[in-house]
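The values are calculated or read from the model by the stated rules, or taken from the named source; none is laboratory data. If you're wondering where the values come from, they're calculated on a predicted model, not measured in any experiment. Neighbour counts are summed over all protein chains in view; Cβ atoms, including those assigned to glycine, are modelled from backbone coordinates with ideal geometry.
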Amino acid sequence: MSLREHLLKSEVGVYLTEADMLDISIASADKFLTSKAKIDEFLTSKVSIEEKLDGVKLTIIKVQEDGNLGDYIIAYKENILYAEEFDYQPMTKIKKESISNSQFKLVLDHFSSLPKNTIPIGTELFIEFLMSKPTLSSNYKSKHKMVLIGYSKSKYDINFGKLRTYNTGMLIDNRAKYAKELKIDVPSLLFKGVLGASTLFESGILSDKLKSEFNLRKNTMHWNNQELLVQDIKSLFLFLESKYGGTAEGIVASYNDKIIKFQQSFQTDQLHRAKIKSAFTDNDAEVETNYWKNVQGAAFGIVNTIKVTSKIEDMLKELALIMKKIPVTFTHSKKTEAQIKDDIQGNAKTLILKKMKGNNNCLYFGKFRVLTKAHYDIIKKGQRLFDDIVVGLITSKDTADTKDLRKEMLLAAFPNLIIIENNTGNISNLLNKTPKNINAILAGSDRVRDYQNQIGSQLGLHIKEIPRTSDDISATKVIQNIEDESYFQKNTPKEIWRLYDKIKKEYKGVVNGV
C-alpha cells in the first residue's frame, strides 16, 4: 500500500476534509498508543521516523513552465504572496529582525531564482518554512530553511488574493527528487526498522546523533516492558538536537496504515507559548491595545491614498513604495521599527483586499427555527447593501432535530444562499468558516452590543445594525401559533408557505406543551 493510500484510509494521519482541503494534522502518539495491541503493533512493525519541524506551512502550486517566479503561486494561510509586496524592507533587516510576513521575501526570491524543472504543472507543494515567529517554540540556529513535506496533484481557484486548493491526497514518492530540483530540504530521516528489540533497533538507526545517544542508553532501556519502552523511545528521540540546531520539535513515525507524532512537552504548554509571545508584547495590556490601534490607524491612512484596482499586485507594489519612504511615528517597547512596519503592512494588505470591488460581504446568523419576515427582510437588505451575504445556521442541542428543515426554509426563500453551520454563535468560529471575506455583521438592535464585544476592534469589521420594527414577529411567536395557518402566512415569506405542513408537524408539540 502506498503512503497516499495510508493517508486516505488511516484512522490517524492526514485526511481529506469535506471541502477537499488537505488537513496535514497528525495524531499524538501519547493519545493514540493507549492499548496493549496498539503499542505492540508500534514496537513490532517496520517504522520510518523522521524529524518533525516547527515552522509555518506554505502552499505552493506550480502553474506554468517559464523558468521564473510566475511558474508558482505561493500562499500562506490561503493568502497569496506577491513578488514585490515586501520590497519596503531591506533584506538585512528581514533576516535579523523580522518576526512576521516580510520573511516570505526570502521564499519569493528563492523561487524566482529557480530554473525550469520536471515537477508537473498542477502539482501542489506542501512546504515547512522555518521562520522567526512569536508563535513558534523551537529556536533553530539555522533560520529560513524550506523543507518539502509532500506534494499532491491539485486543482485550485483564486479569489481576491486567496488561494484555495482541491487536492487528491499527499504523496512523498518523488519528494526527494522534487526537493533537489527546488533546492530545498526534505525531513531528516532518523530511523527505519523495528523498535521493539535492542539489536533490531540498532540496525535501523540512520542518524549518527541517534546512534551515539542510543549507545549511551540501550542498556537502561526497558526492552521487556512495552509501555516503559515507548517512553524510553520517546525520551531518546526528543533528546536529539534538530538538524537545524537547537531543540527539535519532535518526530513523525509512519508504519502500516498509521502516522503518529511525538512532540516536546512545550509544544502543547500554553504557558510556554505565552512566554515566547510575551517577548514581543508590552507588559501593559492597555499599552499593547493602543499600539495596535496606532498600527490600524497607520494602515488606514496609507490605504486611503491607494487607488483600488483589480490588480492586487499593483496595489501591493504601491503599498511597498509608500512604506519604504514614510517614517514610523510611534514606538513599541519590544519591537524595532522594521517589526512595526511589518505589522502596518500586514494590516494594510488586509484592508486593500477588503476594499476590492466584489469583496464587500456581510454575515448574518441565527437559529432560524422558523424563517420569519423579519429574517427575510434582513437577508434581503444584506443582499442590497453588500456584494454578497453569508448566513450562519446555528444548531445547538435543542435545535439539532430541525437542522435540515431550517436549512430547507432558508434555501426555499434564497436558492443561491451561502450557508455555513456552527453549534454556537461564536463570531470568531463563524468567520473562520465563511468562504468569503466579511466586512460587516448584521445585527438586530438587541444584539449590537453583544456582537461588538465579541469582535472588539477587529480590522476592517463592523456591526451593521438593522433596527427592528413593531411589526416584526419572532420565530417563537410563530411557533406558539403554529396551528393558525393564516398567522403563519402573515408573518413568514411566501416562499416557505409550501412547507407549512412540515413545519407544523415539527413544532406542534410546542403548542401542546411538549
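Couple of notes before you dig in:
- Annotation for the stretch 45-67: no member residue is in a helix (DSSP H, G or I) and surrounded by fewer than 21 Cβ atoms within 10 Å (Cβ to Cβ).
- Set side by side, the residues Lys155, Lys143 differ, and just one is touching a Ser or Thr at 6+ places or on another chain (Cβ under 8 Å), of a type in the set (Lys, Arg) and part of a strand (DSSP E or B), which is Lys155.
- Taken across the stretch 115-128, residues that are among the aromatic types (Phe, Trp, Tyr), part of a loop (DSSP other than H, G, I, E, B) and touching a Lys or Arg at 6+ places or on another chain (Cβ under 9 Å) do not occur at all.
- Count of residues meeting criterion [surrounded by fewer than 19 Cβ atoms within 10 Å (Cβ to Cβ) and either on the phi > 0 side of the Ramachandran plot or aromatic (Phe, Trp, Tyr) (or both)] in the stretch 161-172: 1
- Selection of the stretch 324-335 for residues being part of a loop (DSSP other than H, G, I, E, B) and under 16 Å from Ala299 (Cβ atoms) yields Ile326, Pro327, Val328, Thr329, Phe330.
- Filtered residues of the stretch 158-184 (kept if of a type in the set (S, T, N, Q) and in a strand (DSSP E or B)): Asn159, Thr165, Asn167
- Residue tally, condition crowded, with 20+ Cβ neighbours inside 10 Å and over 28 Å from Val147 (Cβ atoms), over the stretch 222-251: 1
- The stretch 106-158 - residue that is among the small types (Gly, Ala, Ser) and out of contact with any Asp or Glu (no Cβ under 7 Å at 6 or more places or on another chain) and, of those, surrounded by the most Cβ atoms within 10 Å (Cβ to Cβ): Gly150
- In the condition set (1) assigned by TED's automatic domain parsing to the domain that holds His462; (2) closer than 30 Å to Ser100 by Cβ, Leu385 is compliant with all but (2).
- Elements of type strands (runs of 3 or more DSSP E) in the stretch 336-453, at least 3 residues being within 28 Å of the chain's Cα centre (by Cα), at negative phi and touching a residue at least 60 places away in the same chain (Cβ under 8 Å): 361-366, 440-444
- Whichever residue in the stretch 267-296 is aromatic (Phe, Trp, Tyr) and in contact (Cβ under 8 Å) with a residue 60 or more places away in the chain and, among such residues, is farthest from Ala27 (Cα to Cα): Trp292
- Taken together, Thr34, Thr92 contain a single residue that is farther than 26 Å from Lys324 by Cα and loosely packed, with under 14 Cβ neighbours inside 10 Å, which is Thr34.
- The single condition from (1) free of Cβ contacts under 8 Å to residues at least 60 places away in the same chain; (2) not in a strand (DSSP E or B) that Ile74 fails is (2).
- Within the stretch 98-118, the residues that satisfy the criterion of being in contact (Cβ under 8 Å) with a residue 60 or more places away in the chain, within 27 Å of Ala279 (Cβ to Cβ) and of a type outside the set (Ser, Thr, Tyr) are Ile99, Asn101.
Every residue, every condition in (1) in a strand (DSSP E or B); (2) under 27 Å from Gly150 (Cβ atoms); (3) of a type in the set (Phe, Trp, Tyr), yes or no:
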{"residue": "Ala83", "(1), (2), (3)": "no, yes, no"}
{"residue": "Tyr88", "(1), (2), (3)": "no, no, yes"}
{"residue": "Lys93", "(1), (2), (3)": "no, no, no"}
{"residue": "Leu108", "(1), (2), (3)": "no, yes, no"}
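- Which listed residue is surrounded by 15 or more Cβ atoms within 10 Å (Cβ to Cβ), of a type in the set (Gly, Ala, Ser), assigned by TED's automatic domain parsing to the domain that holds Thr395 and modelled with pLDDT under 95, from Ser470, Ser445, Ser474: Ser474
- Check on Lys293, charged (D, E, K, R), within 19 Å of Ser98 (Cα to Cα) and in a helix (DSSP H, G or I): no
- If the condition is being at pLDDT 95 or above, within 23 Å of Val448 (Cβ to Cβ) and in contact with a Ser or Thr (Cβ under 8 Å, 6 or more places away or on another chain), then the stretch 393-417 contributes only Ile394.
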